[in-house]
Amino acid sequence: MNPVAPLTLLLAGSALAAAPEVHAGPPAFLVQLTLLLGVSALAAYLSFRLRLIPIIGFLVAGVVAGPGALGLIRDQELIAAASEVGVMLLLFTIGIEFSLERLSRIARQIFVGGGLQVGLTVLVAAGALLLTGVAAPDAVFTGCLIALSSTAIVMRLLGERGDTNGPAGQVSLGILIFQDLAVVLMVLLIPMLAGQGGGVAGVLLALAKAGGIIAFVLIAARRIVPPIMEVVARTCSSEIFLLTVVALCFGTASLTAVAGVSLALGAFLAGLLVSESRYGAQAMGEILPLQILFSAAFFLSVGLQLDLGFLAGNLGVVLGAAALIAALKVGVTFLSVRLLGESTRTALPVAFLTAQVGEFSFVLAATGTALGLSFAGMGAQGGGVFIAATVLLMAFTPALNALADVLGRRLPAAAGGVASGPAAGPEESGAHGLPVEGRVVFAGYGAHARLAARALSRAGVPYSVITRNPDGASELEGRGAPVLIADYTRAGLLRDLNVASARALVIVDDDTEMTERTVSVVRSVAPELRLITRATSPEGFQGLQSLGAQHILTAPREVAAGILDLLTPPEVTRADITRHLAEHPPVTLNATQRAQCEHAAHNAGPVTPEADVCLECVALGDTWVHLRVCMTCGHVGCCDSSRNKHATAHARRQDHPVIRSAEPGETWAYCYEHHWTK
């Protein structure tokens with residue numbers, strides 16, 4: 001099933017339930033939903049052709065399709081519902097990317113840099129407005145609105161330029177995270193500014209609730225969620241995994257909303273929950289299609305709020321407000337980053353990147369306006385000016401970023417001072433923590449990949465593994481090998497990893513459909529990457545060849561040897577490879593054993609042991625006594641002398657009656673229904 005379908009159907013079903021009559025033509029909600037999707041797709045395409053980030057295209061498309069222009073999209077309730085889900089999923093993905101460990105590494109940028117930027121922006125903006133006679137509640141409210149920047153736009157621009165891990169990227173990230181966290185306090189502060197927050201006692205009670213929720217989430221991140229994710233991941237079902245992740249996101253957001261805290265914060269905390277498990281990258285891959293769809297709805301809804309007639313009639317006021325906001329934010333952010341101890345070369349791009357107003361300011365603006373607050377004390381006109389200025393600033397962020405580049409190039413070399421530190425190399429901090437550049441990357445970790453990976457390790461050839469198998473990941477982690485649990489058929493993941501920089505990608509998945517899908521995606525992401533795979537039939541060989549696979553291995557017994565032939569350095573001879581493979585040969589039954597039991601005739605081998613450890617013991621952190629290999633499927637488990645008895649458990653669970661010893665020098669076999677050993 002398409003991962004977008006459940007939530008789309010949910011929205012559609014809600015709208016249908018609200019309709020009092022059944023019409024002969026298409027229901028109104030379906031027309032509006034179709035227009036929403038069509039406009040989003042067209043905006044994304046035009047943005048691609050014009051080399052703009054899609055978010056800008058969605059904003060402009062919302063303006064053009066909204067009631068102030070063509071009037072194509074009129075169902076504000078449907079758009080509002082979709083955009084609220086978009087905000088939640090956007091914060092959820094941000095939470096997945098920013099694990100507690102990563103947050104601790106940039107704590108100074110977050111709390112010092114971000115605290116200075118938000119605090120000084122609110123202080124300067126509110127102070128300036130107070131001097132012009134604006135009431136204090138409206139002045140502070142306005143300062144909160146303009147203090148925030150767009151996390152989605154800034155991170156997208158940094159990602160496209162490859163600057164996320166550079167000094168400017170890390171400082172920007174810290175400031176944006178603090179802004180996202182500051183939204184919590186602002187949501188609590190705005191009712192108090194309007195005189196409806198219950199005073200200081202009400203704010204303290206709300207803070208206590210929020211603190212309790214956050215404490216519970218942090219405990220759950222360590223104790224509750226990782227075991228749940230382990231159980232779900234072991235099903236190897238993308239449908240179950242997606243449903244669990246979405247339920248976790250919506251459930252945590254609902255919990256925080258009950259406590260009086262924003263849905264957005266709850267979604268962010270849910271992302272942190274998932275990031276503390278081993279499955280953050282896989283969750284990101286599954287949720288990304290949903291996030292893109294509903295984020296498009298959110299930014300479209302922002303554009304829909306811009307009335308072109310209002311903009312034309314108040315162009316001078318809007319442009320003046322946008323210029324003042326940009327100037328104030330550039331100046332305050334530049335000062336904050338310099339006070340943080342960063343160089344001018346770092347402070348300049350950070351200041352221009354964060355000069356726009358963020359998406360969560362719209363959430364705050366709606367809340368404040370409903371409570372009687374106004375932007376800059378302008379009354380009813382203030383809302384229109386704020387929306388118009390914000391849309392313009394968002395749209396011109398790429399231009400501001402380019403201006404920062406021009407100014408930065410004009411700085412003398414000494415003006416930048418000492419940089420805050422070079423970006424970490426790929427071996428130290430590749431995307432998702434997986435080193436890729438110059439390495440052999442295995443997509444999947446089955447029996448053939450295990451043999452080849454161990455041999456590469458002995459030959460001194462570095463490798464990394466992407467797998468969806470928790471047991472295989474546990475085995476690799478136990479050996480200290482780099483591994484990422486994720487779906488390697490996701491183009492976004494492969495781009496984030498910069499898989500094109502790998503020495504080669506090896507795909508030896510037993511699932512032919514999965515192999516073909518992976519090859520197709522890899523060729524779209526990295527056309528020149530050396531690709532090694534295997535085919536199980538002549539038709540499969542032709543299919544992989546047409547998809548662009550360069551090295552296709554066919555004979556099952558020669559797959560591991562072929563991989564090693566292609567990847568090992570010249571000084572590693574074929575004799576070395578043969579000797580290594582001889583240490584891990586396929587397992588067979590001899591003629592005497594085959595004659596002793598009718599089950600043996602169907603389980604004679606050869607089978608390739610899936611590992612040289614008991615993977616289930618590795619996953620549990622236990623040890624095993626002796627190893628036994630299943631003669632039906634190659635599963636390796638521990639013997640009945642061990643505490644876990646995994647070999648017997650597998651045989652009974654799968655109805656695979658015949659096992660053979662996997663210990664060196666032992667050739668005896670055993671049938672659980674007919675006891676025999678020799």
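Give the number of residues within the stretch 94-117 that are of a type outside the set (Gly, Ala, Ser), modelled with pLDDT of 75 or more and in contact with a Ser or Thr (Cβ under 9 Å, 6 or more places away or on another chain). I'd like the intermediate steps shown before the answer.
So the first thing to find is which residues in the stretch 94-117 are of a type outside the set (Gly, Ala, Ser), and the list is 94, 96-98, 100-103, 105-106, 108-112, 116-117.
Cutting the leftovers down to modelled with pLDDT of 75 or more gives us 96, 105-106, 108-112, 116-117.
Remaining after also requiring in contact with a Ser or Thr (Cβ under 9 Å, 6 or more places away or on another chain): 96, 109, 112, 116-117.
Of the residues in that region, 5 qualify.
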* Asked: Failed condition for MET229, given (1) within 23 Å of ILE153 (Cα to Cα); (2) modelled with pLDDT of 75 or more; (3) of a type in the set (A, V, I, L, M), with all others met?
  -> (1)
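Taking the stretch 70-93 only, how many residues are charged (D, E, K, R) and either modelled with pLDDT of 80 or more or closer than 14 Å to PHE178 by Cα (or both)?
Residues meeting the conditions: 0.
If I filter the stretch 77-93 for residues that are within 30 Å of PRO226 (Cα to Cα) and among the charged types (D, E, K, R), do I get at least one hit?
So far as the stretch 77-93 goes, yes, one or more of its residues are within 30 Å of PRO226 (Cα to Cα) and among the charged types (D, E, K, R).
Could you please find all residues in the stretch 333-361 being in a loop (DSSP other than H, G, I, E, B) and in contact with a Lys or Arg (Cβ under 7 Å, 6 or more places away or on another chain)?
Residues of the stretch 333-361 that are in a loop (DSSP other than H, G, I, E, B), as a first pass: 340-343, 354-359.
Once the filter is applied, which keeps residues that are in a loop (DSSP other than H, G, I, E, B) and in contact with a Lys or Arg (Cβ under 7 Å, 6 or more places away or on another chain), the stretch 333-361 yields THR354, ALA355.
Within the stretch 214-223, track down each residue that is over 21 Å from the mean Cα position of the chain (by Cα) and open to solvent by less than 80 Å² (accessible area, probe 1.4 Å). Before the answer, list the steps.
Taking the stretch 214-223 first, the residues over 21 Å from the mean Cα position of the chain (by Cα) are 214-216, 219, 223.
Passing the criteria: ILE214, ALA215.
Yes/no matrix, rows are residues, columns are (1) open to solvent by 10 Å² or more (accessible area, probe 1.4 Å); (2) of a type in the set (Phe, Trp, Tyr); (3) at positive phi; (4) modelled with pLDDT under 75:
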site: LEU547; (1), (2), (3), (4): yes, no, no, no
site: GLU583; (1), (2), (3), (4): yes, no, no, yes
site: VAL587; (1), (2), (3), (4): yes, no, no, no
site: HIS599; (1), (2), (3), (4): yes, no, no, no
site: ALA647; (1), (2), (3), (4): no, no, no, no
* Qualifying positions in the stretch 247-277 - within 13 Å of PRO226 (Cα to Cα), of a type outside the set (S, T, N, Q) and either at pLDDT 75 or above or open to solvent by less than 20 Å² (accessible area, probe 1.4 Å) (or both) -> LEU248, ALA270, GLY271, LEU272, LEU273, VAL274
* Asked: Within the stretch 61-69, is there a residue that is open to solvent by 40 Å² or more (accessible area, probe 1.4 Å), touching a Leu at 6+ places or on another chain (Cβ under 6 Å), at pLDDT below 75 and outside any helix (DSSP H, G or I)?
  -> yes
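It is to be established whether one or more residues within the stretch 439-446 are outside any loop (DSSP other than H, G, I, E, B), modelled with pLDDT under 85 and within 28 Å of the chain's Cα centre (by Cα).
Going through the stretch 439-446, the residues outside any loop (DSSP other than H, G, I, E, B) turn out to be 440-443.
If we keep only those that are modelled with pLDDT under 85 as well, we get none.
No, there is no match, as no residue in the stretch 439-446 is outside any loop (DSSP other than H, G, I, E, B), modelled with pLDDT under 85 and within 28 Å of the chain's Cα centre (by Cα).
Does LEU189 satisfy being assigned to a helix (DSSP H, G or I), open to solvent by 10 Å² or more (accessible area, probe 1.4 Å) and free of Cβ contacts under 8 Å to residues at least 40 places away in the same chain? Steps first, answer last, please.
Working: assigned to a helix (DSSP H, G or I): yes; open to solvent by 10 Å² or more (accessible area, probe 1.4 Å): yes; free of Cβ contacts under 8 Å to residues at least 40 places away in the same chain: no.
Considered against the rule, which asks whether it is assigned to a helix (DSSP H, G or I), open to solvent by 10 Å² or more (accessible area, probe 1.4 Å) and free of Cβ contacts under 8 Å to residues at least 40 places away in the same chain, LEU189 comes out as no.
Let me confirm something: among LEU353, LEU335, LEU319, LEU348, which residue is modelled with pLDDT of 90 or more, open to solvent by 40 Å² or more (accessible area, probe 1.4 Å) and over 23 Å from GLY68 (Cβ atoms)?
LEU335
The values are calculated or read from the model by the stated rules, or taken from the named source; none is laboratory data. The model shown is predicted, which means the values in this text are computed figures rather than measured ones. Neighbour counts run over all protein chains shown; Cβ positions are idealised from the backbone, glycine included. When the accessible area is computed, the model is the full protein with side chains, heavy atoms only, and any ligands, DNA or RNA have been set aside. Shrake-Rupley method; radii C 1.70, N 1.55, O 1.52, S 1.80 Å.
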